[in-house]
Amino acid sequence: MGIFDFLKKTEATKPTETTESNKEAEEAKGNACVGVLDLFPMKETNQLLIVGSLEGSIKVGNQLQFCNPDQGMESLGTVEVKKLSSQNKDADSLTDEVLAHLVVDRIPSLDKLKKGSVLFSSGVEEEQKLSSYSDALYRAFVAIQEGQLTNEDYLAATLDDSVEILRLFLWKCRQNQETESEESYQSNTRKLERLAEIVKDKLLEADAVYAVYSEKTGEPYLFSTTYDRGEEGYLCTDPMIMLLTPSWYRQFKETIDSRPNSVVKLIENTEDKKGIENFLGTAFYLNGALGAIFNSKEVSISASALVQKPDFSDLPEIQVPVMNPDLVRWMLLMGQMDQPTTEEQELVYGLYYKFFSMAMPKAKFLLPLDATSGFPEDNSEGNSFVLEKDANFNIPVREGKDGRNSVPVFTDWKRLRMVFDEKWNGMIEEAGGMIEGFDYAINPTEYYEAGAYVSLTAFRDMQKLSEEQEGRAQD
């Protein structure tokens with residue numbers, strides 16, 4: 001199911017002698033697999049004309065099953081080929097035709113047929129069905145429709161379909177990018193944006209999607225690659241989460257599950273279709289992921305194109321929820337790594353720590369408060385309020401490192417509630433406000449690798465680094 005497979009076409013060959021291997025090849029040749037490119041109801045005869053790309057051989061009278069690989073390989077029904085034609089000529093049989101026309105009787109189960117569906121004879125392997133599925137989507141939506149979907153196509157497409165169409169059209173654009181005109185580039189950019197929007201729609205409407213999680217941090221795994229750009233230094237690609245469509249995960253489950261330090265979790269949508277959206281919002285705007293990768297690294301969509309960033313501009317500053325995505329992002333990337341053992345791993349870890357250090361002085365934390373008096377009654381989680389002058393409260397102080405005490409601080413309400421129940425309130429702690437007296441234990445949840453410990457000395461170094469970077473940016 002590689003991106004180059006759709007250009008391959010099996011050549012018909014005649015064996016020079018009859019051997020066991022030749023016999024097996026001939027039997028395989030007899031297996032037919034048709035990727036549906038289009039379909040037209042024939043009202044006068046109550047039949048259906050199917051236009052498809054044929055691999056293998058097929059005859060009039062053959063029985064074919066059909067399925068939608070984006071939803072599973074199970075057969076949805078069986079049809080008999082009543083008529084065959086190619087290049088405006090009727091035929092009793094066809095072999096390896098890019099555009100084959102099949103006529104079958106209409107039956108209720110054929111209502112599930114769409115562009116990308118696959119008709120196949122018994123004995124066809126799942127790999128071939130997937131190849132025909134991908135080939136059909138390429139020919140229908142890239143080669144013929146040039147990256148555009150009709151309203152009917154939009155309604156019929158699933159999340160798998162939309163991801164695969166985007167992948168294939170993106171591949172085509174990359175192949176032609178060196179020779180295409182500016183006008184063509186702009187047109188393709190608009191088409192890609194529309195295809196990404198369709199993926200978003202299908203994702204938010206889906207019943208469920210799978211996400212790759214880090215076993216170390218308990219959060220969606222962040223995927224980022226570091227490149228050496230020579231004199232320009234090193235570049236980290238945008239950290240992104242990885243989403244897997246159900247059919248893709250079922251197909252490649254064994255390989256995906258074998259990835260070290262990660263686990264795949266099912267993200268189910270809620271009845272109001274907000275479950276997946278809320279999951280994405282947390283991953284993007286609490287955890288700091290900058291987008292999502294779909295099934296493979298060939299398709300990625302930015303966070304803002306999937307879920308809009310929350311707008312708190314109308315709220316008083318005291319009511320704006322505490323969030324630190326620019327800080328959490330780098331803590332999670334460091335936390336999901338094993339202890340660096342090679343020079344390359346140490347380099348990557350050092351880059352993450354550098355970005356973490358630059359974000360640290362700008363952070364706002366939640367410091368847990370155990371109220372004793374002077375606090376509003378019936379205060380709901382996340383609400384902000386002004387303490388009365390004579391308010392009394394306790395903060396949890398613990399033994400830290402190097403003879404100093406530490407206080408737990410949290411980057412958001414989600415992490416605070418993982419440790420402290422509703423009896424505890426939270427006070428905003430500007431980074432550095434209490435550092436003279438207490439070190440910071442950031443997000444000390446059960447996933448300790450997802451947090452960090454910042455001492456007074458480390459914080460001062462972070463302040464210095466942040467100031468130096470800001471000075472360079474202004475030069």
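The values are calculated or read from the model by the stated rules, or taken from the named source; none is laboratory data. Note that this is a predicted model, so its numbers are computed, not measured. Backbone-built Cβ (ideal geometry, glycine too); neighbour counts: all protein chains shown. Just the protein is used for accessible areas: all its heavy atoms, side chains included, with ligands, DNA and RNA removed. Shrake-Rupley method; radii C 1.70, N 1.55, O 1.52, S 1.80 Å.
For the chain, the longest principal axis of the alpha carbon atoms and the long axis of helix 126-137 meet at an angle near 90°.
So, R0 is 51 Å and r is the distance between the beta-carbons of Glu232 and Glu74; what FRET efficiency does that work out to, to 0.05? It would help to have the intermediate numbers written out before the result.
On the way: r = 52 Å, r/R0 = 1.02.
Using R0 = 51 Å, I get an efficiency of 0.50.
Oblate is the label for the stretch 221-338. Its Cα gyration tensor axes, ordered a ≥ b ≥ c, give a/c of at least 1.5 and b/c at or above a/b.
Per residue of the chain, what 222 nm ellipticity follows from adding -39500 (n - 2.57) for every DSSP H run with n ≥ 4, rounded to the nearest 500?
Details: 12 runs with 150 residues, N = 475.
Mean residue ellipticity at 222 nm (helix-derived): -10000 deg cm²/dmol.
The heavy atoms of Asp272 offer some 100 square angstrom of accessible surface to a 1.4 angstrom probe.
Phi angles of the stretch 196-207 translate, via the Karplus equation with coefficients 6.51, -1.76, 1.60 and θ = phi - 60°, into HN-Hα couplings of 5, 5, 5, 4, 4, 4, 5, 5, 5, 8, 4, 5 Hz per residue; Gly and Pro are given as x. When only Cα pairs below 8 angstrom with a gap of at least 6 residues are kept, the stretch 137-261 shows a relative contact order of 21 percent. Computed with every protein chain present, the accessible area of Arg106 is close to 100 Å² [probe 1.4 Å].
What ranking of Ser296, Ser313 comes out by heavy-atom accessible area, probe 1.4 Å, highest first?
Output order, biggest surface exposure first: Ser313, Ser296.
Between the beta carbons of Val320 and Glu430, assuming R0 = 22 Å, the FRET efficiency works out to 0.95 to the nearest 0.05.
For the stretch 397-439, the share of accessible area belonging to carbon and sulfur comes to 47 percent (1.4 Å probe, ligands and nucleic acids excluded). Under the rule a/c < 1.5 gives rounded, and otherwise a/b versus b/c splits prolate from oblate, where does the stretch 391-455 land using the Cα gyration tensor? The shape class here is oblate. Taken one residue at a time, the phi angles of the stretch 231-245 give Karplus couplings (6.51, -1.76, 1.60, θ = phi - 60°) of 5, 7, x, 10, 10, 9, 5, 3, x, 9, 7, 10, 10, 10, 6 Hz. Gly and Pro are set to x. Annotation for Leu266 and Asp421: the two label points, set 7 Å from Cα along the Cα-Cβ direction, are 3.1 nm apart.
Expected output is a single nm value to one decimal: the length gained when fully extending between Ile144 and Gln345, i.e. 0.36 nm times separation in residues minus the C-alpha distance. What is it?
Numbers: separation 201, 0.36 × 201 = 72.36 nm, distance 4.59 nm.
Roughly 67.8 nm would be gained on extension.
Accessible-area rank, largest first, for Tyr185, Tyr447: Tyr185, Tyr447, with all protein chains present and a 1.4 angstrom probe.
With N as its number of residues, the chain has a Cα radius of gyration that, divided by 2.2 N^0.38 Å, comes to 1.26.
Find the relative contact order for the stretch 253-360 and round it to a whole percent, using C-alpha pairs within less than 8 Å whose residues are 6+ positions apart.
Relative CO of the stretch 253-360 lands at 21 percent.
Report the local net charge at Tyr154: Lys and Arg +1, Asp and Glu -1, summed over other residues whose C-beta lies under 11 Å from its C-beta. Before the final figure, lay out the partial values.
Numbers: positive: Arg194, Lys202; negative: Glu152, Asp153, Asp161, Glu197, Asp201.
Neighbourhood net charge equals -3.
For the chain, the longest principal axis of the alpha carbon atoms and the long axis of helix 456-474 meet at an angle near 60°.
Please state the shape class of the stretch 46-121: rounded when a/c is under 1.5, otherwise prolate if a/b exceeds b/c and oblate if not, all from the C-alpha gyration tensor. Because a/c hits 1.5 or more and a/b exceeds b/c, the stretch 46-121 counts as prolate. Measuring with a 1.4 angstrom probe and ignoring ligands and nucleic acids, Val60 comes out at about 60 Å² accessible.
Using the beta-carbon distance between Asn278 and Ser85 and R0 = 45 Å, what value does 1/(1 + (r/R0)^6) give for FRET efficiency, to the nearest 0.05?
Working: r = 51 Å, r/R0 = 1.14.
With R0 = 45 Å, the Cβ-Cβ based efficiency is 0.30.
Modelled spin labels at Gln177 and Phe312, positioned 7 Å past Cα toward Cβ, are 3.6 nm from each other. In this structure the chain gives 54 Å² per residue of accessible area when probed at 1.4 Å with all protein chains present. Between helix 325-335 and the chain there is an angle of about 80 degrees, using the helix long axis and the longest principal axis of the Cα atoms.
Distances between placed amide hydrogens fall under 5 Å for Gly291 paired with Ile241, Ala303, all partners being 5 or more residues away or on another chain.
Can you divide the C-alpha Rg of the stretch 140-242 by 2.2 N^0.38 Å and report the result to two decimal places? Let's see the in-between values first.
Values: Rg = 17.2 Å, N = 103, 2.2 N^0.38 = 12.8 Å.
Dividing the Cα radius of gyration by 2.2 N^0.38 Å gives 1.34.
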